[in-house]
Amino acid sequence: MSGYYWMNVEKFSQILKSESRYISRNKWLFPIKIIPGLPSLIYYSLIMYVIIRDAFIARIGKYSRKRWNRSSFQIIKIIEYAGGKLDLSGLGYISEHKEPVVFVSNHMSMLDTFIMPTIILAFKELTFVVKEELLEYPIWRFVMKATKPIAVSRQNPREDLYKVLSEGEACLKSGNSVFIFPQSTRSSVFDPDSFNSLGVKLAKRAGVLVIPVALKTDFQENGRFIKDMGPVDPHKTIYVKFGKPLKVEGNGSKTHRMVVEFISTNLKKWGGTVK
């Protein structure tokens, strides 16, 4: 269940499949944690290298799923180089269910979309539901477009609902699982009232199961001036936990409550804040 610094993405995927768990082991990084600002410097300098490199590859039309998987894995290693620790669990629930599913998760930081691809691509093909504005970010937009996400405006709920249901159903029928963050915005505080049931509605329409995902990724905090570039805190463990697949019955309200309860319970256990 331990991380190994020199492993490659293939070895990482093998660990996820065989052990259904991954916990970083970074005993030699103590000096990094006691030098102010060093974890953030290491993290952002290496992250920018990956983003710029991948943007160039995507711009010339060479960005593949294999590259996406490999780059996401590299970000996990960057986190560990910067003193961070990951605790991934519940992976057996993904491997046990071979059909496409809808992953429904809370959204805490930009880190969420960085690390989830390599975790899930070890088991399933994947499509994200993202905000349209991510497709316009300088440099990063080339990578985002290359991953072929479902983009929503977050301005018109009716249009967003139609787009997610129609495009999401098509993705699921083609064999791609769909990952959705139902919150209106990223936040270190989980507010069940702002967590909509869009993911459950999609799963019901497509006739697939929902896998709840609880995330605590405030290792990378939201920034005061630039939201996507807050300081990193190597003393905070990154938690990712997948829950038991849920069948959507009736109008889906029970399933939605179960997803919210799963996220709330795990966040509280990890020391997170729930309204």
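The values are calculated or read from the model by the stated rules, or taken from the named source; none is laboratory data. Since this is a predicted model, take the numbers as computed values, not measurements. In this analysis, Cβ positions are derived from the backbone assuming ideal geometry, glycine residues included, and neighbour counts consider all displayed protein chains.
Observations
- Identity of the residue in the range 94-112, surrounded by 20 or more Cβ atoms within 10 Å (Cβ to Cβ) and part of a helix (DSSP H, G or I), that ends up farthest from the chain's Cα centre (by Cα): Ile94
- The set of residues in the range 1-41 that are at pLDDT 85 or above, over 17 Å from Gly92 (Cα atoms), in contact with a Gly (Cβ under 6 Å, 6 or more places away or on another chain) and part of a loop (DSSP other than H, G, I, E, B) contains only Ser24.
- Considering the range 123-160, and only residues there that are of a type in the set (Ser, Thr, Tyr) and over 18 Å from the mean Cα position of the chain (by Cα), the residue that is surrounded by the most Cβ atoms within 10 Å (Cβ to Cβ) turns out to be Tyr137.
- Those residues of the range 161-204 which are farther than 26 Å from Ser109 by Cβ and either part of a helix (DSSP H, G or I) or within 18 Å of the chain's Cα centre (by Cα) (or both), in sequence order: Tyr162, Leu165, Ser166, Glu169, Ala170, Leu172, Lys173, Lys204
- Selection count where residues are part of a strand (DSSP E or B) and either buried (at least 20 other Cβ atoms within 10 Å of the Cβ) or β-branched (Val, Ile, Thr) (or both), scope the range 83-93: 2
- Single residue of Ser188, Ser194 found to be closer than 30 Å to Ile52 by Cβ, surrounded by fewer than 19 Cβ atoms within 10 Å (Cβ to Cβ) and modelled with pLDDT under 95: Ser188
- Cross-chain or 6+ apart pairs with Cβ under 7 Å, the range 127-149 first and under 19 Å from Ile60 (Cβ atoms), then of a type in the set (Ser, Thr, Tyr) and crowded, with 18+ Cβ neighbours inside 10 Å: Val143/Tyr63; Ala146/Tyr63; Lys148/Thr127
- Any chance Arg158 is over 30 Å from Gly61 (Cα atoms) and either in contact (Cβ under 8 Å) with a residue 24 or more places away in the chain or not in a strand (DSSP E or B) (or both): yes
- Among residues of the range 254-275 that are without any contact (Cβ under 8 Å) to a residue 60 or more places away in the chain and part of a helix (DSSP H, G or I), those with a Cβ under 6 angstrom from a residue that is of a type in the set (D, E, K, R) and surrounded by 17 or more Cβ atoms within 10 Å (Cβ to Cβ), sequence gap 6+ or separate chain, pair up as Asn266/Lys241.
- Only one entry of Glu136, Glu159 meets the criterion of being in contact with a strand residue (DSSP E or B) (Cβ under 9 Å, 6 or more places away or on another chain) and farther than 29 Å from Trp270 by Cα, and that entry is Glu159.
- Failed item, numbered, when Leu215 is tested on (1) more than 22 Å from Leu86 (Cβ to Cβ); (2) buried (at least 22 other Cβ atoms within 10 Å of the Cβ); (3) at pLDDT 95 or above: (1)
- Total residues in the range 235-251 satisfying the condition of being surrounded by fewer than 20 Cβ atoms within 10 Å (Cβ to Cβ) and farther than 18 Å from Ile120 by Cα: the figure is 7.
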